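Scroll down for the structure; my scribbles are underneath it.
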Amino acid sequence: MEIIRNPAAMTSWANRVTATGAAIGLVPTMGYFHEGHLSLMRAARKGADHVVVSLFVNPIQFGPNEDLAAYPRDFARDCRLAEAEGVDILFAPEAAGMYPEATKTKVVVSGLTSGLCGGSRPGHFDGVTTVVAKLFNVVKPRIAIFGQKDFQQLAVIRQMVRDLNWDIEIVGHPIVREADGLAMSSRNSYLSADQRRTALCLYRAIRHAGERVRQGVVDAELLVAEITEMIHSQGGVEIDYIALVDRDSLEPLGVLRPGTLLAMAVKVGRTRLIDNDLIC
Ligand code: AMP
């Protein structure tokens, strides 16, 4: 596996590879790999001739009071794990390489970015779409793999790719969970043992929602109230949002119907966790 730090060097490599007709698969990440990241790398390997994993803790997608400085990092371990997955290139640029001082352009997707995580993290998705657009131009992938864990991010990127006519296939990969159901996340490393137990309320909420749908419940307000109550009954949590939305438009639904996504963001202590599931 080769490590490339410079965007221009990354593009030279990509130009050489694509000139032969080979397809590049890109997995954008912020590092501190877990099984979720590794499963995305395997999916890229299946769909492309060469796999590029980008590792970049993108400063412009963090708000001023968020965890940019504390975000977990272990570059040596990430290199070992990516290499073991047969990754060809680990693209790990410096912030100054991605955003030279003269940078004046942002990529903004409207509408889809205003609710859910966009509501509580203003500007977050502008940072995401800007960095992903730059990664697409630098790495020139034919396919790019994103986790459904960040469901809104996936929807926003699909929209951006359609709107900007990029000839890139966007693949959504199912959420990888711990044995007890907690969605894997680099941020889980912030949790104490107690908080780790508390964090299971998200998965319990998903299971509860599935059960209530099987019982015939269609009233979204009722289900949100039940889940809110379930999660609030835990100490040390703060609900950011619990929403039942259409999987494509991400618009809130009053009545559950096929294609309903349960999406949640909950703070356990100071750690903000997200999870989601298609409940019908
Ligand atoms: P991150 O490093 O957290 O920005 O995540 C990089 C990519 O991995 C994103 O496309 C995430 O959606 C995806 N990802 C993160 N956690 C999981 C998970 N538990 N299961 C599947 N994909 C994930």
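The values are calculated or read from the model by the stated rules, or taken from the named source; none is laboratory data. The structure displayed is predicted, hence computed values, not measured ones. Cβ: placed from backbone, ideal geometry, glycine included. Neighbour counts: every protein chain shown.
Residue by residue through the range 208-244, note down the ones that are more than 20 Å from Gly269 (Cβ to Cβ), assigned to a loop (DSSP other than H, G, I, E, B) and without any contact (Cβ under 8 Å) to a residue 12 or more places away in the chain. Matches in the range 208-244: Gln215, Gly216.
For first residues located in the range 142-168 and over 17 Å from Val107 (Cα atoms), partners that are polar (S, T, N, Q) and within 10 Å of the ligand (Cβ to nearest atom) and lie 6+ apart or on another chain with Cβ distances below 8 Å form the pairs Phe146/Gln153; Lys149/Ser185.
Taking residues in the range 175-190 that are without any contact (Cβ under 8 Å) to a residue 60 or more places away in the chain and more than 17 Å from Gly31 (Cα to Cα), and partners anywhere that are in a loop (DSSP other than H, G, I, E, B) and of a type in the set (A, V, I, L, M), the pairs with Cβ atoms closer than 7 Å and at least 6 places apart or on different chains are Arg177/Met184; Glu178/Met184; Asp180/Leu200; Gly181/Leu200; Leu182/Ala199; Leu182/Leu200. Got at least one residue in the range 157-166 being within 12 Å of the ligand (Cβ to nearest atom), crowded, with 20+ Cβ neighbours inside 10 Å and in the same structural domain as Thr103 (by TED's automatic domain parsing)? Yes, the conditions are met somewhere in the range 157-166.
Counting only residues that are in contact with a Lys or Arg (Cβ under 7 Å, 6 or more places away or on another chain) and either acidic (Asp, Glu) or over 15 Å from Ala95 (Cα atoms) (or both), the range 121-138 holds 1 of them. A residue that is among the aliphatic types (A, V, I, L, M), over 16 Å from the mean Cα position of the chain (by Cα) and either part of a loop (DSSP other than H, G, I, E, B) or not assigned by TED's automatic domain parsing to the domain that holds His34 (or both) can be found somewhere in the range 67-74. On inspection, Arg212 fails the criterion of being more than 16 Å from the ligand (Cβ to nearest atom), within 16 Å of Asp275 (Cα to Cα) and out of contact with any Cys (no Cβ under 8 Å at 6 or more places or on another chain).
Would you confirm, using the coordinates I've provided, whether Ser114 is hydroxyl-bearing (Ser, Thr, Tyr), without any contact (Cβ under 8 Å) to a residue 12 or more places away in the chain and more than 20 Å from Val27 (Cβ to Cβ)? Judged against the criteria, Ser114 is a match.
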